[in-house]
Amino acid sequence: MDQLTKLFYSLGLSPYYGIFVAAFLLAVIILAFALLYEGVATYVERKVAGDIQSRIGPNRVGPYGTLQWLADGVKLFLKEDFIPAQADKLIFRIAPYFVFVGSFLPFAALPLWDRFVPVPMNIGLLYIIAVTAMVTPGIVLAGWGSNNKWALLGGMRSAAQLISYEVPNAVALLIPVLIAGTLNLDEIVRAQGGGGGILRWFIFHDPFSFMAFFIFFTAGLAECNRTPFDLPEAESELVAGYSVEYSAIRYAFFYMGEYGDMFIISAMASAAFLGGWQLPLIDPLVKIGWLKAVLQLGIFLTKTLLLVLVMMWIRWTFPRLRVDQLMELSWKRLLPIALFLLMGAALWTVVFHGKGIYDLIVG
Amino acid sequence: MLETQELVINMGPQHPSTHGVLRLLLHTDGEIIVEAQPHVGYLHRGIEKIAEKVNYHQFMPYTDRIDYLASMNCNHAYACAVERLMGIEVPERAQFIRVIMSELNRIASHLVFFGSFGMDVGAFTPFLYGLRERERTLDLFEAACGQRLTYNYMKIGGVRWDLPPGWTDKCREFCDYFEPKIQEYHDLLTYNYIFMKRLGNIGVLTPEDALAYGVTGPNLRASGVAYDIRKEEPYDVYDRLEFDIPVGTGEAGAVGDCFDRYMVRIKEMQQSVRIIRQCLDMMPEGDVQARVPRVLKIPPKEIYFRAENPRGELGFYIVANGKPSPERLKIRGASFSNIHVMEKILPGLMVADAVAVIASLDVILPECDR
Amino acid sequence: MKDLNTLVQDLQAAVEGAIEEVVTENTQPPYIIVKKEKIVPVLEYLKKEGFNHLSAVSAVDEPPEKIWVVYHLVAIGEKSTLAVKTVLPRDAAEVDSVGNVYPTALWHEREAYDLMGVKFKGHPDLRRILMPDDWVGHPLRKDYEQIKEYHGIKTD
């Protein structure tokens with residue numbers, strides 16, 4: 001962002017306009033990337049599902065069905081955007097934007113490669129947690145605005161679920177923050193580099209952070225409403241939950257929001273626990289600046305997408321929890337464990353002066 | 001002033017997990033069901049009235065449509081009912097074939113149950129696994145009678161055609177293929193922690209309630225009552241076959257909960273395979289049809305015949321009056337009572353449990369509405 | 001389980017004047033015809049005797065003047081079945097509901113009411129079950145004539 005603004009400035013634009021143009025350009029790039037990712041993710045999801053379920057999956061549009069997502073996208077764009085007569089029209093219309101925006105804003109704060117975050121900010125992690133929360137009101141509004149009892153139940157479930165799982169989610173994320181001593185995602189990732197290779201990743205920093213990763217990932221699954229936590233839409237129970245009355249592009253917004261969330265949660269997990277763009281040997285071996293950046297971006301995306309793949313795998317394997325079990329899991333299991341881990345990690349930091357297991361053994 | 005109100009939810013007839021066109025009126029307090037009222041009849045086709053208009057042979061295709069997931073069993077029950085009424089002796093080979101077909105269809109029906117049950121508690125994958133195996137049974141049916149869903153294979157006095165050459169080998173192959181798959185189901189779904197937690201202690205049906213509400217079949221056995229018409233009042237060659245009656249054991253909670261109903265059906269499939277193997281070994285050569293007149297005129301007589309279907313007791317009450325068609329033909333479908341009992345077990349559960357209970361009772365609406 | 005003869009004798013003693021006829025010929029299972037006023041005590045007694053499963057309640061139309069209501073009972077575990085019949089006048093078909101004895105009868109009785117027009121006294125919720133609520137006539141009666149139009153839909 002800063003670089004872009006400077007670029008426009010040097011081209012003769014006033015800084016005032018430069019910021020806007022740069023922001024716009026950046027937004028377009030992020031959106032294009034996100035849409036592309038979503039297309040690929042839906043295709044992969046269907047192929048993975050097909051594989052798990054011993055069937056083929058999409059195989060008609062394009063080679064191996066690879067263009068299926070385009071066909072689906074075009075279909076969703078062209079369909080009638082239907083609004084039920086009894087719905088609260090304003091709320092019904094704006095709800096998808098909340099979800100969409102909530103799942104796309106975080107893209108701007110992801111640490112893509114060394115010292116590069118699209119929009120640099122020193123509270124990146126806090127920002128991501130804050131803006132992903134926008135999804136919740138979107139879903140609640142969708143459930144309320146549809147004026148449909150199933151949607152209402154879905155909205156209620158989702159409000160309860162998302163708020164409950166934000167808590168263990170955020171608490172687990174505090175552990176890497178504690179270790180790195182910063183909320184800046186770029187610095188968190190950089191703190192996971194250096195000698196020791198993957199043992200420097202925060203997941204291997206100490207036993208508490210190791211467990212925190214799984215807490216974070218589980219709570220994250222619930223944050224994106226994926227099986228086994230897909231209660232707000234729960235097809236077999238609530239028909240389609242909050243999105244039951246939506247069609248065409250508004251429905252697609254919810255759909256894309258879900259995939260966006262998956263990406264964000266996975267990206268956060270890989271940045272905060274799995275070393276982000278760090279991979280041993282890249283640093284000493286690759287000397288050309290741009291090549292290094294591309295490799296690091298590739299590494300970051302690979303880690304993230306692998307986690308997304310795990311999410312898909314889980315979705316097609318597990319049954320769904322019940323509402324009370326869901327709440328119990330969050331408040332009686334995940335949250336106490338996360339708090340315990342946080343205290344443990346804090347103690348560890350104090351006792352060993354912030355050194356990880358690797359440092360203790362080697363250094 | 002704040003005021004709370006019960007939420008009335010209309011579940012069905014268009015709902016993904018009401019198994020057709022069941023409609024439930026749920027009065028809920030939040031997600032907890034206070035009162036549940038099943039409404040049926042959306043699939044009423046007046047089969048009983050039709051029976052009074054067509055002759056005994058012509059009614060056979062309609063029995064296919066009583067329970068389309070277990071057409072063979074319905075064929076079988078009707079054929080046996082009329083044969084007993086007439087006193088027709090069926091050739092032994094035909095009896096064996098009919099038992100094999102009924103048991104194969106029982107497996108097919110329970111596989112659909114397995115799949116849709118998994119789907120209703122949120123696991124989509126088992127559905128396709130269940131249907132994958134069911135496909136094999138449908139292939140066998142197709143080879144025997146040319147149909148894949150409504151077979152119209154059995155007739156009064158036997159079966160319509162003898163088995164095609166090589167069919168028995170294929171059937172044995174299926175048994176060998178199918179038995180290990182049950183372990184796969186256990187690995188994938190049965191002993192999944194979430195699955196067991198979702199179903200244990202949910203929708204408990206005590207044996208007293210089950211009997212009072214006329215619940216039969218696997219649902220009654222899951223409540224711990226070892227009642228199987230194939231054992232108690234055997235028809236065709238069931239009395240010569242060895243098999244066990246699986247009953248609910250309360251593995252994941254109380255006896256008679258959703259998990260037991262699931263488990264009983266899985267075990268029943270194993271027993272069915274056992275029966276099929278025995279039949280294939282014991283089946284003699286010979287005729288497959290008894291000599292039955294084209295138009296049956298049965299003198300005034302009546303019979304109430306019950307058969308063990310995948311969903312429970314299928315009863316045919318036939319009153320004959322000397323004419324080519326019955327005076328009255330009443331069909332007692334197991335699902336009719338199995339739906340009725342929902343009134344009793346749903347209150348106090350959550351909406352998500354309601355879905356699990358409906359699925360675990362394995363009701364089918366054409367059998368209820370007829 | 002008692003055999004049919006002793007059962008009938010005991011029933012005769014327990015519920016006086018209930019049994020009109022016992023038929024064992026040309027029927028399977030054998031049936032007992034009882035007076036319609038006595039149907040509830042008879043079924044109560046039979047339930048006590050071990051007939052714990054009411055399989056079905058059927059109504060049979062026999063013009064010009066009779067409608068039969070048939071209760072098919074099963075003693076689970078005893079390999080024993082029995083039918084109980086009662087005869088009602090066709091133009092005023094009404095009999096006591098046995099829903100208190102066998103809850104399952106509630107729905108079977110609704111079905112008999114819906115399709116055959118038999119009324120059940122004391123039934124808590126006697127509505128149509130299979131046909132739409134506003135349907136006219138009882139389809140399984142022999143002299144039933146189909147209504148020509150239902151909400152603008154031709155029925156022939």
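Each value in this text was obtained by applying a stated rule to the coordinates, not by laboratory testing. Bear in mind the structure is a predicted one, so any value in this text is a computation, not a measurement. Counting neighbours? That spans all protein chains shown, and the Cβs are built from the backbone with ideal geometry, glycine included.
Just to be sure I understand the model, the point goes 7 Å from the Cα along the line to the Cβ. What's the resulting A:Trp313 to A:Asp88 distance in nm?
Reported label-point gap for A:Trp313 and A:Asp88 is 4.2 nm.
How far is helix B:167-185 tilted, in degrees, relative to the longest principal axis of the Cα atoms in chain B, given as a value from 0 to 90 rounded to the nearest 10?
It works out to around 10 degrees.
Starting from the Kirkwood Rh over alpha-carbon pairs, what translational D in µm² s⁻¹ does the protein assembly as shown have by Stokes-Einstein at 10 °C and 1.306 mPa s? Can you show the working numbers first?
Details: Rh = 31.0 Å.
Taking Rh from Cα pairs, D becomes 51 µm²/s.
Could you tell me what a quarter of the Cα convex hull surface of chain C works out to, in nm² with one decimal place?
Working: hull surface 40.7 nm².
Dividing the Cα hull surface by four gives the mean projection, 10.2 nm².
Give me P(r) over segment B:7-369, computed from all C-alpha to C-alpha distances, binned every 10 Å, as integer percentages.
So the P(r) values, bin by bin, are 5, 25, 34, 24, 10, 2, 0.
Pull up all non-local amide H partners of C:Glu20: gap of 5 or more, or a different chain, and H-to-H distance under 5 Å with H placed in the peptide plane.
Residues meeting the criterion, in which the H sits 1.01 Å from N, are C:Ile33, C:Val34, C:Lys35.
What does the charge count around A:Met312 come to, taking other residues whose C-beta lies under 11 Å from its C-beta (Lys +1, Arg +1, Asp -1, Glu -1)?
Residues near A:Met312 contribute +2 overall.
Using 1/(1 + (r/R0)^6) with R0 = 51 angstrom and r between the beta carbons of B:Thr168 and B:Lys49, what's the FRET efficiency to the nearest 0.05? Numbers along the way, then the final one.
Working: r = 40 Å, r/R0 = 0.79.
According to the calculation, E is roughly 0.80.
Taking R0 as 30 Å, what FRET efficiency do you get between B:Asp209 and B:Asp244 from their Cβ-Cβ distance, rounded to the nearest 0.05?
After rounding, the FRET efficiency stands at 0.75.
Taking a cut-off of 19 Å, what percent of all Cα-Cα pairs in segment A:263-318 are separated by more than that? Don't jump to the answer; show the numbers that get you there.
On the way: 553 of 1540 pairs.
In whole percent, the long-distance tail amounts to 36.
Is any residue of segment A:220-240 close enough, with backbone N under 16 Å, to a label point placed 7 angstrom from the Cα of A:Val44 along the Cα-Cβ axis, and if so, which?
Nothing falls inside the zone, counting backbone N under 16 Å.
Report the FRET efficiency, 1/(1 + (r/R0)^6), for B:His27 and C:Trp135, where r is their Cβ-Cβ distance and R0 is 22 Å, rounded to 0.05.
Between B:His27 and C:Trp135 the formula returns 0.25.
Please express the Cα-Cα pair-distance distribution P(r) of segment C:2-50 as a list of whole percents, one per 5 Å bin, running from 0 to the bin with the greatest distance.
Over segment C:2-50, the share of Cα pairs per 5 Å bin runs 5, 20, 34, 27, 12, 2 percent.
So how far, in whole Å, is the C-alpha centre of segment B:322-345 from the one of segment A:196-225?
Cα centroid of segment B:322-345 versus Cα centroid of segment A:196-225: 58 Å apart.
If contacts are Cα pairs under 8 angstrom and at least 6 residues apart, what is the relative contact order of chain A in percent?
21 percent
Just add up the charged neighbours of B:Pro293: K/R +1, D/E -1, any other residue whose Cβ is under 15 Å from the Cβ of B:Pro293.
In short, +3.
Which whole-Hz ³J(HN,Hα) couplings does segment B:138-150 yield from phi under the Karplus relation 6.51 cos²θ - 1.76 cosθ + 1.60, θ = phi - 60°, glycine and proline marked x?
5, 4, 4, 4, 4, 5, 7, 9, x, 10, 10, 9, 10
Can you compute the label reach from B:Asp287? Point 7 Å from Cα along the Cβ direction, backbone N cut-off under 12 Å, restricted to segment B:138-173.
B:157-159, by backbone N distance to the label point.
Tell me the net charge near A:Arg115. Cut-off is 9 Å between Cβ atoms, A:Arg115 excluded, with +1 for each Lys or Arg and -1 for each Asp or Glu.
-1
Helix C:4-14 versus the longest principal axis of chain C: what angle, 0 to 90°, nearest 10, using Cα atoms?
80 degrees
Give me the one-decimal nm value for the distance between modelled label points at A:Leu78 and B:Leu280, 7 Å along each residue's Cα-to-Cβ direction.
Using points 7 Å along Cα→Cβ, the separation is 5.1 nm.
Going 7 Å from the Cα of A:Gln325 in the Cα-to-Cβ direction, what parts of segment B:89-118 have a backbone nitrogen less than 15 Å from that spot?
Those under the cut-off are B:117-118.
Any chance you could run the full-extension gain for B:Tyr68 through B:Glu251? It's 0.36 nm times the residue separation minus the Cα-Cα distance, nm to one decimal.
Numbers: separation 183, 0.36 × 183 = 65.88 nm, distance 3.12 nm.
The span from B:Tyr68 to B:Glu251 would gain 62.8 nm if fully extended.
Could you work out the relative contact order of chain C? I mean the mean sequence separation of Cα pairs under 8 Å and 6+ apart, divided by the number of residues, in percent.
About 17 percent, as a whole number.
For A:Ile198 and A:Lys332 in one chain, what is 0.36 nm times their gap in residues minus the Cα-Cα distance, to one decimal in nm?
45.0 nm is the gain from fully extending A:Ile198 to A:Lys332.
I'd like the projected area of chain A, averaged over all directions, using the convex hull of its alpha carbons. Report it in nm² with one decimal. Don't skip to the end; give the middle numbers.
Working: hull surface 83.3 nm².
For chain A, the mean projected area of the Cα convex hull comes to 20.8 nm².
Taking a quarter of the surface of the convex hull around the Cα atoms of segment A:180-289, what do you get in nm²?
Computed as one quarter of the Cα hull surface, the answer is 9.7 nm².
I want the antiparallel fraction of DSSP beta bridges within the protein assembly as shown, as a percent rounded to 5.
That works out to approximately 85 percent antiparallel.
Distances over 16 Å make up what percent of all Cα-Cα pairs in segment B:152-270?
70 percent
Suppose every K and R has +1 on its Cβ and every D and E has -1 on its Cβ; what is the size of the dipole of chain B about the Cα centre, in Debye to the nearest 20?
Once rounded to the nearest 20, the dipole reads 1320 debye.
How large is ³J(HN,Hα) for each residue in segment B:300-308, as worked out from phi by the Karplus curve 6.51 cos²θ - 1.76 cosθ + 1.60 (θ = phi - 60°), to whole Hz, x for Gly and Pro?
x, 7, 9, 8, 10, 10, 10, 10, 8
For B:Arg332, what residues show an amide H to amide H distance below 5 Å, using hydrogens built from the backbone and excluding near sequence neighbours?
Under 5 Å from the amide H of B:Arg332: B:Gly315, B:Phe316, B:Tyr317.
Near the amide H of B:Arg23, under 5 Å away, which other amide H atoms are found, from residues 5 or more places off or on another chain, if H is placed in the peptide plane?
The list, which skips near neighbours in sequence, is B:His39.
What residue among B:Ala254, B:Ile266, B:Met101 has its Cα farthest toward the positive end of the dipole of segment B:7-369, where the charges are +1 on Lys, Arg and -1 on Asp, Glu, each on the Cβ?
Selected residue: B:Met101.
Roughly how many whole Å is it from the C-alpha centroid of segment B:139-199 to that of segment B:1-76?
Spelled out, the Cα-based centre of one part sits 26 Å from the other.
Expressed as a rounded percentage, what relative contact order does chain B have, with Cα pairs under 8 Å and six or more residues apart?
Reported as a whole number, the value is 27 percent.
Step through the residues of segment A:300-312 one at a time and calculate ³J(HN,Hα) from phi using the Karplus curve (6.51 cos²θ - 1.76 cosθ + 1.60, θ = phi - 60°), rounding each to whole Hz and writing x for Gly and Pro.
4, 5, 4, 4, 4, 5, 4, 5, 4, 4, 4, 4, 5
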